[in-house]
């Protein structure tokens, strides 16, 4: 039998990162590779009690099909959560998804035709790059600085595309504690980007998994709130601030966008699990989610500090790194000309693993970068693993850069 696959299968490639991270299964390897929350935070007892409560009181709803947009209780809980964090939205502006990856998939279906340009940060989230690539997008990466995406380069690219009569379908951004860089876009930069998007009439897709995870206690206004809910589509997930295993998230947008998203979602999965929605709705309504976010922040700050201290003590001077004020990731840059994919196997020999940086670059650049996760490993693993990594990097640079 010869199978004739759709063109999208040819545009979809296996993740280079996933292949490398198979090595982390080796005994004794300390991994900074995943984007996982600390599993010590998981409220297993609370969820067990709430699950029993949901089955007893609402089992007839929980175990059946539900509305594509989401269960009413869950939509109300999401709206309350958004209001608490300065992102007011009505229930009619929300659509529940199977985490934010489905949100990205729906955005691909809604906006991308093969060959159409989309703009994004350089670097950017690998899952978004994979989704947009599958859709056949012409991805244009806009470099960042310490304040976020550079507005001068964003405007330059938009002018170039306008001259070619090829306006981009959207601008994709992760303003808060970006994955992979850890950069938090400044308020001024957010306002500049919003003004540029309006002037060129290009919608913004704001991916916001980490916004609540601010270590400084101050959360900057989102693009959604700054825009008054116009011209911005916000993607959210519970995977980073709560439970990745539940696979729960949501889209916030203008009613027109939500209507289109619901239509696409119906052809994809009909509806997200009502069971999971009602469990999380009860958890949130009891006020437990905000406490878990506070607990996570308290747990992650010393881990971030331990990693930064370890890098200062163990990394060669030729390496630089970000100093995130929230989220889960830290970004390391080595001298130009070096390839962290080549360094990876040396690091494995030193019993430590990380995520290489090139796949986060839609243009194939960034070979000299790598991402480290500090939320999942223990303090002891961070201290030991960063010492191991420092030795591996020093050995690699010494071999590659001759005095």
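Key figures for this structure:
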quantity: Relative compactness, region 1-152, computed as alpha-carbon Rg over 2.2 N^0.38 Å; calculated: 1.38
quantity: Exposure proxy order (Cβ contacts within 10 Å, fewest to most) of 194, 158; calculated: 194, 158
quantity: Cβ-based exposure ranking for 146, 38, 207, in which fewest neighbours within 10 Å come first; calculated: 146, 38, 207
quantity: Förster radius 35 Å - calculated FRET efficiency between residue 323 and residue 267 (Cβ-Cβ, nearest 0.05); calculated: 0.20
quantity: Per-selection Kirkwood Rh - region 44-286 (Cα, Å, 1 d.p.); calculated: 18.5 Å
quantity: Distance histogram in 10 Å bins (all Cα pairs of region 62-177, percent per bin); calculated: 12, 33, 32, 19, 4, 0
quantity: Whole-number D in µm²/s for region 184-252 (Stokes-Einstein; Kirkwood sum over Cα pairs; 25 °C, 0.890 mPa s); calculated: 188 µm²/s
quantity: Spin-label zone in region 255-295 - amide nitrogen under 20 Å from a point set 7 Å from the Cα of residue 49 along the C-beta vector; calculated: 276-295
quantity: Rounded if a/c under 1.5, otherwise prolate or oblate - region 306-403, Cα gyration tensor axes; calculated: oblate
quantity: Residue order, fewest to most surrounding Cβ atoms within 10 angstrom, among 204, 119, 55; calculated: 55, 204, 119
quantity: Region 186-345: C-alpha gyration tensor shape, a/c 1.5 cut-off, then a/b vs b/c; calculated: prolate
quantity: Label point distance in nm, residue 153-residue 199, each placed 7 Å from Cα along Cα→Cβ; calculated: 1.8 nm
quantity: Shape call, region 121-198: gyration tensor on alpha carbons, a/c limit 1.5; calculated: oblate
quantity: Alpha-carbon centroids, region 131-164 and region 308-372: separation in whole Å; calculated: 24 Å
quantity: The chain - percent relative contact order, Cα under 8 Å, separation 6 or more; calculated: 24 percent
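Every number in this text was worked out from the coordinates using simple rules, so none of it is lab data. Just so we're clear, the structure is a prediction, and the values are computed from it rather than from any experiment. So basically every Cβ, Gly included, is an ideal-geometry build from the backbone, and we count neighbours across all protein chains shown.
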